[in-house]
1. Quick one: residue 100 ticks every box in (1) assigned to a loop (DSSP other than H, G, I, E, B); (2) within 22 Å of residue 159 (Cβ to Cβ); (3) modelled with pLDDT of 95 or more except a single one, so which number is it?
2. Can you name the condition, by its number, that residue 44 falls short on among (1) touching a residue at least 40 places away in the same chain (Cβ under 8 Å); (2) closer than 18 Å to residue 156 by Cβ?
3. Any residue in the stretch 144-162 that is modelled with pLDDT of 70 or more, over 21 Å from residue 58 (Cβ atoms), within 14 Å of the chain's Cα centre (by Cα) and not in a loop (DSSP other than H, G, I, E, B)?
4. Pairs only if they're at least six apart or on different chains, beta carbon under 6 angstrom, first in the stretch 14-37 and in contact (Cβ under 8 Å) with a residue 40 or more places away in the chain and at positive phi, second surrounded by fewer than 22 Cβ atoms within 10 Å (Cβ to Cβ) and in a loop (DSSP other than H, G, I, E, B); list them, first residue then second.
5. Exactly one condition in (1) within 15 Å of the chain's Cα centre (by Cα); (2) not in a strand (DSSP E or B) is false for residue 18; which is it?
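The values are calculated or read from the model by the stated rules, or taken from the named source; none is laboratory data. Since we're looking at a predicted model, the values are computed, not measured. Every residue, glycine among them, receives a Cβ derived from its backbone with ideal geometry; neighbour counts consider all protein chains shown.
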């Protein structure tokens, strides 16, 4: 059995759908758009500069591979790829991670004139990652159950050779 995965101190093994020896991808508790996922290095480090060259290469390869699949399976035209590298940049969970969001030219809540509104949404989502179990009843994006996340992760696993 594969080792458990942690996003900082949060156990996320059941949310994982892609794994390599040095990186992995998980579905999001509160996705901004359908298919919003996170890609992380397996080793817990706070900043990109803390990664070794092989870890950085693996992480960027995972961003590329996962992004290609996410874009295709969610019928997107493009991706928004974001990383807040350090607390001053908005990183609230001290573990390097990339947000991958499938984007559509039309029919995406952020398409057209609203395109740049995705960035404040990512920053807000990042702040909420720090307290994943605190739920605001008025939140526009309610947290998903573990069962919902596990179902999506298992579906996405089918697009990767294990």
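1. (1)
2. (2)
3. Yes - at least one qualifying residue is present in the stretch 144-162.
4. Filtered contacts from the stretch 14-37: 35/74.
5. (2)
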